[in-house]
Amino acid sequence: MTATNDDADRALAAHVSGVLRHIWEPIGMGMEGPPDEYDRYIPGIVALLHGRTAHETAIAEHLIRIETLEMRLSPRTRVRSTSTRAARALLGLRDACLDAPHVLVAQIISWNGLHCIWIFRRSDGLHNYQHAVFRSENDENGEYGWWADAGEGRPGLFSTATAAEAEARATIGWLRTCDG
C-alpha cells in the first residue's frame, strides 16, 4: 500500500509532535507535561516544512519566536535552547515523510544533531533504516543545511521496526553511545 498525501501529512504532524515534546521542549517539563502541550504549534510548523524553502536557521528562529512571543519565555527562564537540534530533526522529518517512498516509523537524532536514523515501513510490510549526516554551508546567499548521504543502512530488510532499530544501534557508533 502506498502512502497518500493525507497519510504523509498525518505522519508528519505526529512526528513533529514528538520532536516538539522530546527534543525542543523549551520549558523543561519532559514527560510530566500534558501530551498535547505543544499541539497548537504543529500546524504552523507543518506548513513551514511543506514550504520546502525553510532551512535550519529559519526553523530554529521560528521555534525561538514561539518561545519568546507566544510562550513569553525570557532567555533567563528558557531551558537551554534546543531549537537548533529540533530544527535539524524537523528538516529530517520533512525529508523522510514528504520525499521518501515508504512510511516513516521512527526518527532517531544524535545529541549533537549531526546524525540521524530513519526507520521506514515499506509497502511490502518489511522495514529498513537509513542513516544521514547533517551538512551545512555558508556562501554569498547565506547559511543553509541539509541531510546528506541518506542511504540504506546496512543491507537488509527487517520484519519489525524494532529489529531495524536494533540493527542500526548495533552497527552505528553514535547509536551505541546514546539513547537517541
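Quick rundown of the values:
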{"quantity": "Candidate set: segment 101-122, residues that are surrounded by fewer than 19 Cβ atoms within 10 Å (Cβ to Cβ) and over 20 Å from residue 162 (Cβ atoms); chosen: the one modelled with the lowest pLDDT", "calculated": "101"}
{"quantity": "Failed criterion for residue 5 (all others in (1) closer than 24 Å to residue 121 by Cα; (2) modelled with pLDDT of 90 or more hold)", "calculated": "(2)"}
{"quantity": "Inter-residue pairs, beta-carbon under 9 Å, first among the aromatic types (Phe, Trp, Tyr) and in segment 139-163, second in a loop (DSSP other than H, G, I, E, B) and at pLDDT 75 or above, 6+ apart", "calculated": "144/55; 146/55; 158/126"}
{"quantity": "Segments classed as strands (runs of 3 or more DSSP E), wholly inside segment 85-164, with at least 3 members that are farther than 24 Å from residue 24 by Cα", "calculated": "127-139, 142-152"}
{"quantity": "Breaking point among (1) at pLDDT 90 or above; (2) in a loop (DSSP other than H, G, I, E, B), for residue 62", "calculated": "(2)"}
{"quantity": "Which numbered condition residue 78 fails, given (1) at pLDDT below 90; (2) farther than 17 Å from residue 145 by Cβ; (3) exposed (fewer than 14 other Cβ atoms within 10 Å of the Cβ)", "calculated": "(3)"}
{"quantity": "Matching residues, segment 11-68, being of a type in the set (S, T, N, Q) and within 14 Å of the chain's Cα centre (by Cα)", "calculated": "17"}
{"quantity": "Flag for residue 98 being at pLDDT 90 or above and closer than 24 Å to residue 143 by Cα", "calculated": "no"}
{"quantity": "Pair list, Cβ < 8 Å and 6+ apart or interchain, from segment 1-28 residues that are closer than 22 Å to residue 63 by Cβ to residues that are modelled with pLDDT under 85 and β-branched (Val, Ile, Thr)", "calculated": "23/82; 24/82; 25/79; 25/82; 26/79; 26/82; 27/79; 28/79"}
{"quantity": "The listed residue being more than 25 Å from residue 173 (Cα to Cα), surrounded by fewer than 18 Cβ atoms within 10 Å (Cβ to Cβ) and touching a helix residue (DSSP H, G or I) at 6+ places or on another chain (Cβ under 8 Å), out of 51, 125, 44", "calculated": "44"}
{"quantity": "One residue from 20, 12 being in contact with a Phe, Trp or Tyr (Cβ under 7 Å, 6 or more places away or on another chain) and either among the hydrophobic types (A, V, I, L, M, F, W, C) or modelled with pLDDT under 85 (or both)", "calculated": "20"}
{"quantity": "Given (1) more than 17 Å from residue 54 (Cβ to Cβ); (2) modelled with pLDDT of 85 or more; (3) touching a strand residue (DSSP E or B) at 6+ places or on another chain (Cβ under 6 Å); (4) surrounded by 18 or more Cβ atoms within 10 Å (Cβ to Cβ), number of the condition residue 153 does not satisfy", "calculated": "(2)"}
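The values are calculated or read from the model by the stated rules, or taken from the named source; none is laboratory data. In this text the structure is predicted, and so the values were computed from the model without any measurement. Please note: Cβ atoms are built from the backbone with ideal geometry, for glycine as well, and neighbour counts cover all protein chains shown.
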